[in-house]
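**Student:** Quick one: this structure, given as structure tokens, is what I'll be asking you about.
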Amino acid sequence: KDIIEKIAQYHKTSEKKQKALARKTIRYFGEEAILFLLNRLVFSKNKEDRFHLIQLLAAIGEEIVKPIQKFMELDLPWYAVRNLIILIAESDNPDYYKIVEGYLVHPDIRVQQQVIACIVKLGGKLMEKRLVQAIPVVDDEIKIKLVMQLGDYHSEETANGLIDIINKREFYSEKIRQDLIYKVCISLRAHPYTQVINVLKHLLRQESQSQGGDSRLSLTIKDSINVLEPKVRHRNKGEKAEIELVSYDDDAEEGG
């Protein structure tokens, strides 16, 4: 343990070669050394120590996966779980997300927030999909923040995820339902797709017909439709012109 402690201290140096040598030595000592350092990390109350241990362990590579999984079988306090999630985020390997995905339903909201931060930090092709999938399971307070965050992305898949919230709004808590749908309607302004406009128009009709409808929500829906319609027309015109150009090129080749 004394040797491993010294190696961890050695890794704090700014020299790249020394850092690489420290990581190589930890790998050589194997799983027991990693478990020892993980134990130090999860229960450390010193921010600087945690930072250095995360930098060391995250750079070791796939050898950290099994030891982390062993730790996650334990009944850890929320801050210990948070430290493990931060470590996974720093690994920069989106495939490791599955290790911490289950913590989206952790009873402590701080752990749930750390998983969301981990999704964003890891990035990758599945990032938007993972953020959308998190909405139904996380705490209500996070749901609304997450919906607003999805306004920064523009894929059709994310648009469909936001539409799904509107379609399943009755399943959400009454205390946040109206505010959640309000935020969804705003976030959808970043998604100029025909199906988005159709859903918003349908929602507007329902709001208009319902007694005591939320006029604030109705105005927001109208504003979103007004923002999206010219964008969709522009996109459709561009796609039509592209199709015509391809058809013209095909005809020219046949004529030649």
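**Student:** Hey, can you tell me all the residues within the stretch 69-100 that are more than 18 Å from GLN149 (Cβ to Cβ), open to solvent by 20 Å² or more (accessible area, probe 1.4 Å) and in a helix (DSSP H, G or I)?
**Tutor:** GLN69, LYS70, MET72, TRP78, TYR79, ARG82, ILE86, GLU90, ASP95, TYR96, LYS98, ILE99
**Student:** Please name all residue pairs, on different chains or six or more residues apart, with Cβ atoms under 9 Å, provided the first residue is in the stretch 195-216 and is modelled with pLDDT under 90 and of a type in the set (S, T, N, Q) and the second residue is open to solvent by less than 90 Å² (accessible area, probe 1.4 Å) and outside any helix (DSSP H, G or I).
**Tutor:** Pairs found: GLN206/GLY213.
**Student:** Looking at the stretch 22-32, is at least one residue in contact with a helix residue (DSSP H, G or I) (Cβ under 9 Å, 6 or more places away or on another chain), open to solvent by 40 Å² or more (accessible area, probe 1.4 Å), among the acidic types (Asp, Glu) and closer than 25 Å to ARG110 by Cα?
**Tutor:** Checking the stretch 22-32: not a single residue is in contact with a helix residue (DSSP H, G or I) (Cβ under 9 Å, 6 or more places away or on another chain), open to solvent by 40 Å² or more (accessible area, probe 1.4 Å), among the acidic types (Asp, Glu) and closer than 25 Å to ARG110 by Cα.
**Student:** When only residues in the stretch 125-134 that are open to solvent by 50 Å² or more (accessible area, probe 1.4 Å) and of a type outside the set (Lys, Arg) count, which is farthest from LEU87 (Cα to Cα)?
**Tutor:** Restricting attention to the stretch 125-134, the residues satisfying the condition of being open to solvent by 50 Å² or more (accessible area, probe 1.4 Å) are 125-126, 129, 133.
Then keep just the ones that are of a type outside the set (Lys, Arg); that gives 126, 133.
Numbers: LEU126: 19, GLN133: 22 Å.
Per the criteria, the residue is GLN133.
**Student:** Exactly one condition in (1) modelled with pLDDT of 95 or more; (2) of a type in the set (D, E, K, R); (3) open to solvent by less than 60 Å² (accessible area, probe 1.4 Å) is not met by ARG110; state its number.
**Tutor:** Only one criterion is unmet by ARG110, namely (3).
**Student:** Could you tell me which of the residues LYS121, LYS145 is open to solvent by 70 Å² or more (accessible area, probe 1.4 Å), over 17 Å from SER187 (Cβ atoms) and either of a type outside the set (Gly, Ala, Ser) or assigned to a helix (DSSP H, G or I) (or both)? Before you say what the answer is, go through the steps one by one.
**Tutor:** Details: LYS145 fails: over 17 Å from SER187 (Cβ atoms).
LYS121 is the lone residue from the list that is open to solvent by 70 Å² or more (accessible area, probe 1.4 Å), over 17 Å from SER187 (Cβ atoms) and either of a type outside the set (Gly, Ala, Ser) or assigned to a helix (DSSP H, G or I) (or both).
**Student:** Let me ask something else. Find the residue count for the stretch 171-181, including only residues that are open to solvent by 60 Å² or more (accessible area, probe 1.4 Å) and within 13 Å of LEU203 (Cα to Cα). I'd like the intermediate steps shown before the answer.
**Tutor:** Narrowing the stretch 171-181 to residues open to solvent by 60 Å² or more (accessible area, probe 1.4 Å): 171, 174-175, 178.
If we keep only those that are within 13 Å of LEU203 (Cα to Cα) as well, we get 178.
Total meeting the criteria: 1.
**Student:** In this structure, is TYR103 open to solvent by 10 Å² or more (accessible area, probe 1.4 Å), at pLDDT 90 or above, in contact with a Phe, Trp or Tyr (Cβ under 9 Å, 6 or more places away or on another chain) and not acidic (Asp, Glu)? So that I can check it myself, show each step before the final result.
**Tutor:** Working: open to solvent by 10 Å² or more (accessible area, probe 1.4 Å): yes; at pLDDT 90 or above: yes; in contact with a Phe, Trp or Tyr (Cβ under 9 Å, 6 or more places away or on another chain): no; not acidic (Asp, Glu): yes.
Against the criterion (open to solvent by 10 Å² or more (accessible area, probe 1.4 Å), at pLDDT 90 or above, in contact with a Phe, Trp or Tyr (Cβ under 9 Å, 6 or more places away or on another chain) and not acidic (Asp, Glu)), TYR103 does not qualify.
**Student:** For the stretch 204-217, name all the residues that are of a type outside the set (D, E, K, R), in a helix (DSSP H, G or I) and open to solvent by 20 Å² or more (accessible area, probe 1.4 Å).
**Tutor:** Just the residues of the stretch 204-217 that are of a type outside the set (D, E, K, R), to begin with: 204, 206, 208-213, 215, 217.
Narrowing the set further to residues that are in a helix (DSSP H, G or I) leaves 204, 206, 208-209, 215, 217.
Once the filter is applied, which keeps residues that are of a type outside the set (D, E, K, R), in a helix (DSSP H, G or I) and open to solvent by 20 Å² or more (accessible area, probe 1.4 Å), the stretch 204-217 yields LEU204, GLN206, SER208, GLN209, SER215.
**Student:** May I pose another question? Answer yes or no: is there a residue in the stretch 183-203 that is loosely packed, with under 13 Cβ neighbours inside 10 Å and either outside any helix (DSSP H, G or I) or within 14 Å of the chain's Cα centre (by Cα) (or both).
**Tutor:** No; the residues of the stretch 183-203 include none that is loosely packed, with under 13 Cβ neighbours inside 10 Å and either outside any helix (DSSP H, G or I) or within 14 Å of the chain's Cα centre (by Cα) (or both).
The rows are residues; the columns are (1) of a type in the set (Val, Ile, Thr); (2) in contact with a helix residue (DSSP H, G or I) (Cβ under 7 Å, 6 or more places away or on another chain).
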| residue | (1), (2) |
| --- | --- |
| ILE85 | yes, yes |
| SER91 | no, yes |
| ILE99 | yes, yes |
| GLY102 | no, no |
| VAL111 | yes, yes |
| CYS118 | no, yes |
| GLY124 | no, yes |
| LEU131 | no, yes |
| VAL137 | yes, yes |
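The values are calculated or read from the model by the stated rules, or taken from the named source; none is laboratory data. Everything numeric here is computed off the predicted structure, so don't read it as measured data. Don't worry about glycine lacking a Cβ; one is built from the backbone with ideal geometry, like all the others, and counts go over all protein chains shown. For the accessible areas, the whole protein counts, side chains as well, though only heavy atoms, and no ligand, DNA or RNA atoms are used. Shrake-Rupley method; radii C 1.70, N 1.55, O 1.52, S 1.80 Å.
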